[in-house]
Amino acid sequence: METKMANDTGMSFSIDKQSLDELNLLGKFSPGSVFFLFKQVKSSGGEQLLEEMFKNPLLNEEAINERSALFKFFGDANFTFPFDPEQLNIMSDYVDGAVPGTHIVNYASVLFKSITSRITRDEQFKQLILGLQATIRTLKKCYSLVIAINGNEKVPDFYKWRIEQLMQIFKKDELSKLIDTDIYRSMSANNIASYDYLIRHMLKEHVSTLLNFICEVDVNISVGNVANTKGFIYARAYPKKQNMFRAADLRHPAINGAIGNNIEMSDRSNVIFLTGANMAGKSTWMKSIAINMYLAHIGFPVAAKSMEFSIREGIYSSINVGDNIGAGYSHFYAEVLRVKQAADATATGKRLLLIFDELFKGTNVKDAYDGTLAVTEAFAEYSNCLFIVSTHIIEVGEALKKHPNIQFAYMPTVMEGAVPRYTYKLEEGITEDRQGMMIIRNENILSLMGVTQNQS
């Protein structure tokens, strides 16, 4: 099933569940997922906002570039998250738990809770006090943070309105009174009722705005810190009509010590035909491209030295296609259906990034050759899309050389005696590496089966 991820342009970013799973983008509890890599937030609200951003790639270059600039600002400013997550949860529950009513009704409710807490040890009054204390304490910290951000001369121009909005909230007399309150001194029931009504009724909209701001800050700080810690950079987005993609030292963001490679694509060179031996790194490189393109569309930092891209309207991958016994599909038929789905997506006219790893593995070499050649030639006609096709059937490459918009690259294998070593560094051209039989010999499979080496 295809997922349409809506955003502020009224359009949607197209990606289906298989692609999300193959790229391991949204595994909330999976240590190897891309989401988990960025899940450094401190608050539950921050985590919800982070997840919302991850699920909703942007399709507007200005919105992407502004979000990236904001993350970079927070990362460069080295702000720390000053809020206690437990206090934030108490505050959120307290504010959301308001019961509609007048000031008199609210006062009577507080007074009743105060009396019953003494007589029956009812916990409601205690919870009210804890909520009030957590709220005032959080508001004090929020005010200090807003002042610090406002005083930073590198605040992006587009963000100044947001800070000014918050400054105006804190200038309200009622809120200033709350911030100056000593939350730990003894207060009368009348004062408690007044503060409670002020926070949960009169100022509820403003307090909710401040809570949302705290969640935003949590995400901004954590994403900025990930970029600094990992050495990531922010990609620059351009309008989709430019139909280009350039990156230097692009690598897999979730693999420590991953090897980076350069890439450049346009409507005049919109297809990369990638060859190389199994284990040479083709699949990881293709995933790296798609993952970083996805991260760039949510404005998040990417694993590269530099990256520029025009807006894509979706990503489509075919990497780990398996059979479907329940539906009666063989591996090969499942691959054919996947290519058909990709063709349907391409035919919509959207500017997509499509990656196909080892097309038609589930059939014989002759059919795989014919199928890979036909599919690659057909997709190459759609110059508005970017395609990356990998295969170890290198003969297909020779037949594709007549197409000027197809570029050829391979992952080399370096032989050290009888042992292959993989550099994971992309090179131009078509590989001639054929190490399958050598690997079989190195693993002593034939001798275990009683077959002599020269018989093989």
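The numbers here are math on the coordinates, done by the rules we state, and not lab data. Everything quoted here is computed from the prediction, not taken from an experiment. Backbone-built Cβ (ideal geometry, glycine too); neighbour counts: all protein chains shown.
Each of K42, K177 was scored by other Cβ atoms within 10 Å of its Cβ. Arranged with the fewest first, they read K177, K42. Would you mind checking which residues have amide H under 5 Å from A235's amide H? H placed 1.01 Å from N; only 5 or more apart, or other chain. Those qualifying (amide H under 5 Å, at least 5 residues apart or on another chain) are V302.
Cross-link partners of K126 among aspartates and glutamates, defined as those whose alpha carbon lies under 18 angstrom from its own and excluding same-chain residues fewer than eight positions apart: E86, D93, D96, D182, D196. Pairs with C-alpha atoms separated by more than 19 Å, drawn from the list K72/K287; K140/K177; K39/K350; K305/K425, are K72/K287; K39/K350. Listed values for segment 277-290 are Karplus-derived 3J(HN,Hα) couplings in whole Hz (6.51 cos²θ - 1.76 cosθ + 1.60, θ = phi - 60°), namely 5, 4, 6, 6, x, 4, 4, 5, 5, 5, 4, 4, 4, 5, and x replaces Gly and Pro. Largest first, the extents of the alpha carbon coordinates of segment 18-78 on the three principal axes equal 33, 28, 19 Å. Taking amide H as placed 1.01 Å from N in the peptide plane, the amide H of S306 sits under 5 Å from that of A248, each at least 5 places away or on another chain. The calculated FRET efficiency for the pair N384 and A77, based on their C-beta separation and a Förster distance of 30 Å, comes to about 0.15. The HN-Hα couplings worked out from phi for segment 177-194 by the Karplus form 6.51 cos²θ - 1.76 cosθ + 1.60 (θ = phi - 60°) are 5, 4, 5, 7, 6, 7, 6, 9, 7, 5, 10, 6, 4, 5, 5, 4, 4, 5 Hz, whole numbers, x standing for Gly and Pro. Which residues in segment 391-424 place their backbone N less than 18 Å from a point set 7 Å from the Cα of K305 along the Cα-to-Cβ direction? Residues 424 fall inside that zone.
The H on the amide N of Y382, modeled in the peptide plane, is under 5 Å from the matching H of no residue at least 5 residues off or on a different chain. Label-to-label distance for M202 and V414 is 7.3 nm, based on points extended 7 Å past Cα in the beta-carbon direction. Each residue of segment 59-76 was assigned a 3J(HN,Hα) from its phi angle through the Karplus curve 6.51 cos²θ - 1.76 cosθ + 1.60 (θ = phi - 60°); the sequence is 10, 10, 4, 5, 5, 5, 5, 5, 4, 4, 5, 5, 4, 5, 4, 5, x, 5 Hz, with glycine and proline shown as x. The GluC sites (Glu not before Pro) of segment 338-434 that meet both conditions, a loop assignment by DSSP and at most 13 other Cβ atoms within 10 Å of the site Cβ, are E381, E432.
Exposure proxy shown here: for I90, I289, the number of other Cβ atoms within 10 Å sets the order, fewest to most, as I90, I289.
I'd like the FRET efficiency for N152 and Y184, computed as 1/(1 + (r/R0)^6) with the beta carbon distance as r and R0 of 35 Å, rounded to 0.05. So the FRET efficiency works out to roughly 0.65. Taking the number of Cβ atoms within 10 Å of each Cβ as an exposure proxy, the fewest-first ranking of C385, C215 is C215, C385.
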